[in-house]
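Asker: Quick one: structure below, then a few questions.
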Amino acid sequence: MRRRLAALTAAILPVSACGSLGAAHPAITKSQAQQVLANYQTVNNRANAGLDGDLLATVETGDQLEMDRAGYRLRQAKKDKYTPFTYSHPAFYIPRQDRYPKWFAVEAVSGQTRHALLFTQDRAGGPWLLAADPFPSSPLSGIALDKDGFATAVNPADTNAALQPRKVASTHAATLSTGAGGMAPGPYTSESRDALTKVQAELRQRGVTLTSDFAPDQQRTYALRTTGGGALVWYVVRQSERYDMVDPGTVNTNGDLAGLVTGRVGHHLSSVALIQYLAVVPDHGDTQVIGTYRKAVQATTS
């Protein structure tokens, strides 16, 4: 679905594995991948127009589906109008895989937004479903391709890069939670951490204690080999927040929590957000986050 990049207070994404890694058959042909993208665009536009979460589930899965369904509740609460989208300039990155789940990635543009879509197929003959769609801040580059133009899937436990793909989410979560190292400084890491600390200080002056915790989500990690021997990694981080207020209702739910909370806000407000990330892990050095998509998916008050 077409979305705007949300302002950052945190960003995160989970990570997990792929199919077989060696000289295997491509997961899908390019023409078939083009059909998958075209079908997703058609069905997603229909689902978005009708806020139809059941129809959306025929083309999305996992955290992506949960996030976009939450987006429907937000749109419904704010009565936002929907404008259909079209993908342009797609570039397909198809790894060789014989085992399931199979997957491939597509870089495409809709309006002013750049996408790094990732589609998965869990079983032979099963549907291809969108599992991730972070928004890169710049065009993708440096993905390694073989002589036939196919990419290479990287095992989550791969040790050729500076950081195993399966450990990127936990390393990123630690940076956001405590300021720990391992991630290159930038808007999705150190600057997000600094912004959160500033918000916590401002809220304390209003009688509000904000506790925010980041942890790797359970969704799989996906990674492609880069030309420098590193990896381009899709992963998800789960952010849990709790606001404890001296005066009830000091924090409202008119922002990204709209549609998730019914009734008046009391002394306590808890929320969960999923944050998809796209990061480049070099062969040595810190991991650079290059894209994100964040959505609050749960909220309760008491």
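Quick note: the coordinates plus some simple rules give every number you see, no bench work behind them. In this text the structure is predicted, and so the values were computed from the model without any measurement. Ideal geometry is used to build each Cβ from the backbone, glycine not excepted, and the neighbour counts take in all protein chains shown.
Asker: Per DSSP H run of at least 4 residues, take -39500 (n - 2.57); add these up for the chain, divide by its residues and hand me the 222 nm value, nearest 500 deg cm²/dmol. The partial results should precede the final answer.
Answerer: Working: 5 runs with 68 residues, N = 302.
That comes out to -7000 deg cm²/dmol.
Asker: Which ³J(HN,Hα) values, rounded to whole Hz and listed in residue order, are derived for the range 170-177 from phi using the Karplus coefficients 6.51, -1.76 and 1.60 in 6.51 cos²θ - 1.76 cosθ + 1.60 with θ = phi - 60°, glycine and proline given as x?
Answerer: Running phi through 6.51 cos²θ - 1.76 cosθ + 1.60 with θ = phi - 60° gives 5, 5, 5, 4, 5, 4, 6, 7 Hz.
Asker: Which cross-chain or sequence-distant (5 or more) residues have an amide H under 5 Å from the amide H of residue 97, H modelled 1.01 Å from N in plane?
Answerer: 25, 27
Asker: Quick check on the range 193-302: take the gyration tensor over C-alpha atoms, sort the square-rooted eigenvalues as a ≥ b ≥ c, and tell me if it's rounded (a/c under 1.5), prolate or oblate.
Answerer: The shape class here is prolate.
Asker: Of the options 299, 105, 94, report the single residue whose Cα projects farthest towards the positive end of the charge dipole of the chain (beta-carbon charges: Lys, Arg +1; Asp, Glu -1).
Answerer: The listed residue farthest towards the positive side: 299.
Asker: Over 30 Å between Cα atoms, which of 81/295; 78/102; 102/147; 78/198; 102/167 qualify?
Answerer: 78/102
Asker: Hey, what angle do you get for helix 30-50 against the long axis of the chain, alpha-carbon based, 0 to 90 degrees rounded to 10?
Answerer: That works out to roughly 20 degrees.
Asker: Okay, moving on. What's the longest piece of the chain with no exposed trypsin sites (Lys or Arg not before Pro), counting a site as exposed if DSSP puts it in a loop and it has at most 12 other beta carbons within 10 Å?
Answerer: Result, exposed sites excluded: 5-78.
Asker: In addition: Once a ≥ b ≥ c are taken as the square roots of the eigenvalues of the Cα gyration tensor of the range 46-140, is the result rounded (a/c under 1.5), prolate (a/b larger than b/c) or oblate (a/b not larger than b/c)?
Answerer: Oblate, since a/c reaches 1.5 and b/c is not below a/b.
Asker: In whole Å, what is the distance between the alpha-carbon centres of the range 94-108 and the range 162-208?
Answerer: Distance between centres, Cα-based: 31 Å.
Asker: Starting from the Cα gyration tensor of the chain, take the square roots of the eigenvalues, sort them a ≥ b ≥ c, and report rounded, prolate or oblate (rounded when a/c is under 1.5, otherwise prolate if a/b is larger than b/c, else oblate).
Answerer: Oblate.
Asker: Taking the chain as the reference, fit the longest principal axis to its C-alpha atoms, fit the long axis of helix 190-204 to the helix C-alpha atoms, and give the angle between the two in degrees, 0 to 90, nearest 10.
Answerer: For 190-204 against the chain, the angle is about 20 degrees.
Asker: Treating only the Cβ of Lys, Arg, Asp and Glu as charged (+1, +1, -1, -1), what charge dipole size does the chain show about its Cα centre? Round to the nearest 20 debye.
Answerer: 480
Asker: Using a cut-off of under 13 Å, list every residue of the range 256-276 whose amide N is near the label point 7 Å from the Cα of residue 81 along the Cα-to-beta-carbon line.
Answerer: Counting only backbone N, you get no residues.
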